[in-house]
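The block underneath contains the structure these notes are about, expressed in structure tokens.
The values are calculated or read from the model by the stated rules, or taken from the named source; none is laboratory data. Model, not experiment: these values are computed from the prediction. Note: ideal-geometry Cβ built from the backbone for every residue, glycine included; neighbour counts use all protein chains shown.
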Amino acid sequence: MGPVLAGVLQLLALIAALALCYVPLGNYMAKVYTSDKHWRVEKWIYKGIGANPDTEMRWPAYLRGVLAFSAAGILFLYLLQRLQGVLPGSLGFQAIDPDQAFNTAVSFVTNTNWQSYYGEQAMGHVVQTAGLAVQNFVSAAVGIAVAVALVRGFARSRTGDLGNFWADLVRGTIRILVPLAAVAAIVLVALGAIQNFSGIHEVGQFMGGSQQWNGGAVASQEAIKELGTNGGGYFNANSAHPFENPTPFSNLLEIFLLLLIPLALTRTFGVMVGSVKQGYAILATMGTIWLGFTALMMWTEFAHHGPAFQIAGGAMEGKEVRFGVGGSSIFAVATTLTSTGAVDSFHSSFTGLGGGITMLSMMLGEIAPGGTGSGLYGILILAIIAVFIAGLMVGRTPEYLGKKIGSREIKLAAIYILITPALVLVFTAFAMALPTPGNSMTNSGAHGFSEILYAYTSAANNNGSAFAGLNADTQWFNTTLGLAMLFGRFLPMVFVLALAGSLAEQKPVPVTAGTLRTEKPLFTGLLVGAILIITGLTYFPALALGPLAEGLAS
Amino acid sequence: MNNSVSTTARLLGAGLRALLVLTLVTGVIYPLVVTGITQGLFNNKANGSEIKADGKVVGSSLIGQAYNLPLKKGQETPDPDLKWFQGRPQNGLGSNSVNTQYKLILSGATNRSGDNADLIKWVKDAKAAVVKDNSVAGYTVKPSDVPADAVTSSGSGLDPDISPQYADIQVHRVADKNGLSVAQVEKLVKDHTTSRTLGFIGEPRVNVLELNIALKGLVTKG
């Protein structure tokens with residue numbers, strides 16, 4: 001069997017596994033967010049928080065909950081890193097500098113997991129396990145909570161109530177993320193990922209002498225890192241490190257984990273709005289983009305254009321033998337389309353066009369299938385835009401899922417889709433115009449520009465992967481990338497929740513012969529087209545300067 | 001005003017309490033339970049898949065190592081010890097993301113692009129070295145025989161594996177240096193080649209440390 005065929009079969013196996021879990025997990029999550037029963041352990045937690053989980057919140061209250069919880073998270077994680085020098089279990093590592101601690105705190109709370117530090121040389125047990133890994137769980141739970149609030153906006157009528165943030169946060173963590181992560185972590189260890197607290201110690205070598213190991217709670221963090229579409233590695237090499245991703249099978253499992261929840265949430269959405277077909281239409285949109293991009297990536301990586309790869313006879317730079325070109329390509333597309341940003345191979349050493357695909361994947365706005373929760377609300381906003389465009393074409397007031405898309409709704413949606421591109425392009429322009437940021441580049445020319453464009457794209461879209469040639473541990477990059485992550489996460493949430501509130505207040509419009517059937521393939525086609533055109537128009541000039549220039553030259 | 005300040009403070013307090021409770025669940029209980037279970041069930045794997053030779057721990061089967069001669073005076077990088085099978089190139093790892101040289105404590109890749117002048121040079125040099133080192137009396141390696149993994153560095157800088165093709169072109173050299181027959185070494189490589197999981201997952205590969213341990217056994221016995 002050739003490597004191309006093996007790659008395609010891996011993709012098919014992945015699709016089969018995801019398809020098997022789609023209905024049960026999607027239905028289960030719908031039950032989690034609609035049930036009125038509380039588990040006993042949840043009651044204890046609510047008591048600890050001092051919140052009543054049965055109070056309904058309107059959108060401003062829901063948003064305040066999100067912001068207060070996230071602000072507390074950033075503050076706590078910042079202090080934890082600043083105090084690392086005096087904490088127990090720090091393996092002798094010192095306090096992290098203020099700008100890097102800010103960057104890292106924001107990065108993990110915003111579900112980005114951009115890393116400007118070397119995990120194995122900077123972070124001890126306490127920061128990794130009680131700080132970073134915790135945000136892997138709760139930032140994902142916050143994303144799902146906001147998505148569920150938007151879905152309730154569609155599902156409910158004549159009320160402004162969107163549910164209770166604390167209940168959504170706790171249930172997402174306790175009922176969905178923790179059990180799935182625990183199972184995944186145990187399987188990962190069975191395959192070879194490490195899970196211990198041995199810290200830094202010496203181990204003998206074949207040729208004599210010894211090597212230094214840094215042992216930690218790796219598998220438990222790895223599982224939620226993928227499942228919560230976080231992506232921040234325990235080690236610098238992330239999921240390319242054999243202790244994080246030991247075998248070809250663990251590689252496939254990790255890709256499965258990072259796609260699992262974002263895809264199944266479309267089922268949850270369908271169930272909650274009372275039409276699973278609407279969920280299938282969104283799923284079909286995500287699936288079309290995902291498979292299309294994966295096919296393109298496999299094609300360009302196997303074709304290995306680029307002088308160094310031509311001489312080498314394959315694009316294996318930055319890739320592991322056990323995963324090969326196929327497994328690495330599937331991972332790269334899945335991780336950039338889901339806002340995960342974990343890597344099992346290094347994107348900077350992909351072919352010019354391959355690197356461009358990873359960038360374009362993020363520029364779509366992390367929607368195919370996107371991050372846990374953020375993917376669903378992102379694509380629903382684009383669905384509203386698509387419905388609006390269709391409405392303009394036929395001259396009808398647009399409506400989606402029985403709700404009118406009036407001027408207030410379309411304004412909120414339009415602002416939402418402008419935020420991230422504005423952040424990416426403005427910050428990139430400044431970094432290129434100023435004299436010092438360019439010193440951080442490893443490569444020159446078009447690829448050097450790509451390193452910086454990639455960094456801001458990754459940050460503002462809350463992905464977190466990198467063209468890691470860029471030395472991002474400078475005050476400029478720590479600060480501006482931190483701001484891009486912060487605004488790229490929370491500003492869109494403001495507009496999503498405002499939109500949810502406005503939708504929930506409406507009374508439903510009855511379906512008539514003139515209603516656009518949003519569960520049909522025609523709408524899926526329209527939505528895919530709208531997504532690609534909006535992204536294309538926004539980013540084409542920037543992409544032309546970077547990956548396109550590099551790809552066409554080789 | 002006072003009212004809104006106290007509301008904000010109350011809200012932040014709730015956020016902080018929520019964080020602390022969830023930290024207890026996901027940052028203390030969860031990792032400890034997972035550690036307990038996996039240390040019990042998969043002890044060796046949870047601790048890094050240590051591998052022994054002659055009763056001594058010689059590394060992890062998951063982590064690549066260097067097989068070099070001792071550093072000579074005035075040398076910056078040691079020469080490979082050609083008695084042993086060699087892993088993927090250790091050189092060429094740039095200063096930016098560190099020259100790991102199979103040092104486990106800092107993993108990472110070169111992050112060089114396909115049109116990067118350094119990478120083009122490293123690949124060319126590596127290819128020339130692989131051809132030269134492995135061509136022995138009666139066996140010449142052609143540049144087209146050299147697979148991509150032999151001349152590029154991995155993502156982690158710790159890749160434990162090489163492709164079976166790269167192992168194959170090292171067989172004659174290893175046999176020659178150790179006074180073994182080509183057939184013996186060929187069999188060794190064949191025995192240590194792992195095929196794709198279930199026939200289609202990943203790529204066929206040879207674990208260099210395990211192969212060298214077996215080779216050492218063969219040399220000592222022979």
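Within the range A:223-281, can you find the residues that are surrounded by 24 or more Cβ atoms within 10 Å (Cβ to Cβ), among the hydroxyl-bearing types (Ser, Thr, Tyr) and within 14 Å of another protein chain (Cβ to nearest Cβ)? If the condition is that a residue be surrounded by 24 or more Cβ atoms within 10 Å (Cβ to Cβ), among the hydroxyl-bearing types (Ser, Thr, Tyr) and within 14 Å of another protein chain (Cβ to nearest Cβ), then A:Tyr234, A:Ser239, A:Ser250 are the ones that fit.
Here is a yes/no grid of residues against (1) at pLDDT 95 or above; (2) closer than 30 Å to A:Glu120 by Cβ; (3) within 28 Å of the chain's Cα centre (by Cα); (4) within 12 Å of another protein chain (Cβ to nearest Cβ):
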| position | (1), (2), (3), (4) |
| --- | --- |
| A:Gly153 | yes, no, yes, no |
| A:Gly163 | yes, no, yes, no |
| A:Trp166 | yes, no, yes, yes |
| A:Leu169 | yes, no, yes, yes |
| A:Val178 | yes, yes, yes, yes |
| A:Ala190 | yes, yes, yes, yes |
| A:Gly199 | no, yes, no, yes |
| A:Gln205 | no, yes, no, yes |
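Report yes if B:Leu22 is facing chain A (nearest Cβ under 7 Å), more than 21 Å from A:Gly215 (Cα to Cα) and under 39 Å from the mean Cα position of the chain (by Cα), otherwise no.
Spelling it out, B:Leu22 is indeed facing chain A (nearest Cβ under 7 Å), more than 21 Å from A:Gly215 (Cα to Cα) and under 39 Å from the mean Cα position of the chain (by Cα).
Cβ-Cβ contacts under 6 Å between residues 6 or more apart (or on different chains), taken from a first residue in the range A:138-156 that is touching a residue at least 24 places away in the same chain (Cβ under 8 Å) and part of a helix (DSSP H, G or I) to a second residue that is crowded, with 24+ Cβ neighbours inside 10 Å and of a type in the set (D, E, K, R), are listed as A:Ala145/A:Asp168; A:Val148/A:Asp168. When the helices (runs of 4 or more DSSP H) confined to the range B:109-222 are screened for residues that are touching a strand residue (DSSP E or B) at 6+ places or on another chain (Cβ under 7 Å), those reaching at least 3 such residues are found at B:164-178, B:208-221. When you look at B:Pro147, is it closer than 21 Å to A:Lys319 by Cα and within 15 Å of the chain's Cα centre (by Cα), yes or no? When the stated conditions are applied, B:Pro147 does not pass them. Could you check, for the range A:412-421, whether at least one of its residues is under 19 Å from A:Phe477 (Cα atoms) and part of a helix (DSSP H, G or I)? Yes, that holds for at least one residue. Any residue at all in the range A:335-344 that is buried (at least 24 other Cβ atoms within 10 Å of the Cβ), over 30 Å from A:Met1 (Cβ atoms) and not hydroxyl-bearing (Ser, Thr, Tyr)? Yes, that holds for at least one residue. Determine, yes or no, whether A:Leu503 is within 30 Å of A:Leu401 (Cβ to Cβ), away from chain B (no Cβ under 14 Å) and in a helix (DSSP H, G or I). In short, yes. Residue count for the range B:154-168, restricted to those that are crowded, with 22+ Cβ neighbours inside 10 Å and either at positive phi or more than 13 Å from chain A (Cβ to nearest Cβ) (or both): 1. Of all residue pairs spaced 6 or more apart or on separate chains, those with beta-carbon atoms under 7 Å, a first member in the range A:1-24 that is within 12 Å of chain B (Cβ to nearest Cβ) and a second member that is of a type in the set (Lys, Arg) are A:Ala6/B:Arg196.
For the range B:61-82, how many residues are under 17 Å from A:Gly209 (Cβ atoms) and either basic (Lys, Arg) or in contact (Cβ under 8 Å) with a residue 60 or more places away in the chain (or both)? Of the residues in that region, 5 qualify.
Restricting attention to the range A:198-254, the residues being without any contact (Cβ under 8 Å) to a residue 12 or more places away in the chain and aromatic (Phe, Trp, Tyr) number 1.
Among the residues making up the range B:197-222, those that are charged (D, E, K, R) and surrounded by 22 or more Cβ atoms within 10 Å (Cβ to Cβ) are B:Glu203, B:Arg205. As for the range A:459-469, it holds no residue that is on the phi > 0 side of the Ramachandran plot and assigned to a helix (DSSP H, G or I).
Of the helices (runs of 4 or more DSSP H) that lie entirely inside the range A:208-312, those containing 3 or more residues that are modelled with pLDDT of 95 or more and under 21 Å from the mean Cα position of the chain (by Cα) span A:218-227, A:248-272, A:276-303. All of (1) touching a Phe, Trp or Tyr at 6+ places or on another chain (Cβ under 9 Å); (2) more than 26 Å from A:Leu499 (Cβ to Cβ); (3) surrounded by fewer than 24 Cβ atoms within 10 Å (Cβ to Cβ) hold for A:Gly209 with one exception: (1).
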